[in-house]
Amino acid sequence: MKNSRLAVAIHILTLVGSNSHNPITSELMAGSINTNPVVVRRLSSLLKKAGLITSQVGVPGSTLAKDPSEISLLDVYHAIEDKTELFAIHDKPNPNCDVGKRIQSTLDKTFESVQQAMENELASKTLKDVMDHLFE
């Protein structure tokens, strides 16, 4: 199953950053993303909690809390993803099997390096990079 939360969160931030003079509502964001406004509000809440966007009660729309060049995609990832690892090992492999008793520790090392590589790549990209590429 694919998780699109990161892509949707980046979409939200790009919309907010691109419309700084004309704040847009969660309904308009949902129209651009082609999802339910509730999804937008849930992710926006997480982005706000992480200090990436701000909003005011009674005022529609959100604004970026930082310049797009100061928001790494890793910041976005950390804001919206739970703190579990990217990959999980299946529960309780057979300890009496030569593969079963070693698979978890073997895959843990590989999965940790893949997770680190992904996070390094996200850290090297900013919201400004996305926006610049989008509007070339």
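Since every read-out is calculated from the coordinates, none of them should be taken as a lab result. Since the model is a prediction, treat every value here as computed from it, not as a measurement. Cβ: placed from backbone, ideal geometry, glycine included. Neighbour counts: every protein chain shown.
Among the residues of segment 20-39, those identified as assigned to a helix (DSSP H, G or I) and either under 18 Å from the mean Cα position of the chain (by Cα) or not small (Gly, Ala, Ser) (or both) are 26, 27, 28, 29, 30, 32, 33, 37, 38, 39. Please enumerate the residues belonging to segment 56-80 that are without any contact (Cβ under 8 Å) to a residue 40 or more places away in the chain and surrounded by fewer than 18 Cβ atoms within 10 Å (Cβ to Cβ). Within segment 56-80, 56, 57, 58, 59, 60, 65, 66, 78 qualify. When residue 61 is tested against (1) in a loop (DSSP other than H, G, I, E, B); (2) at positive phi, just one condition goes unmet, and that condition is (1). A Cβ distance below 6 Å, combined with a sequence gap of six or more or placement on separate chains, defines the contacts here; from segment 102-121, residues that are touching a residue at least 40 places away in the same chain (Cβ under 8 Å) reach residues that are of a type outside the set (Phe, Trp, Tyr) in the pairs 119/74. Of all residues in segment 43-55, those satisfying the criterion of being surrounded by 15 or more Cβ atoms within 10 Å (Cβ to Cβ) and within 17 Å of the chain's Cα centre (by Cα) are 43, 44, 46, 47, 48, 50, 52, 53. Candidates are the residues of segment 81-136 that are among the acidic types (Asp, Glu), surrounded by 12 or more Cβ atoms within 10 Å (Cβ to Cβ) and not in a loop (DSSP other than H, G, I, E, B); the one that is farthest from the chain's Cα centre (by Cα) is 108.
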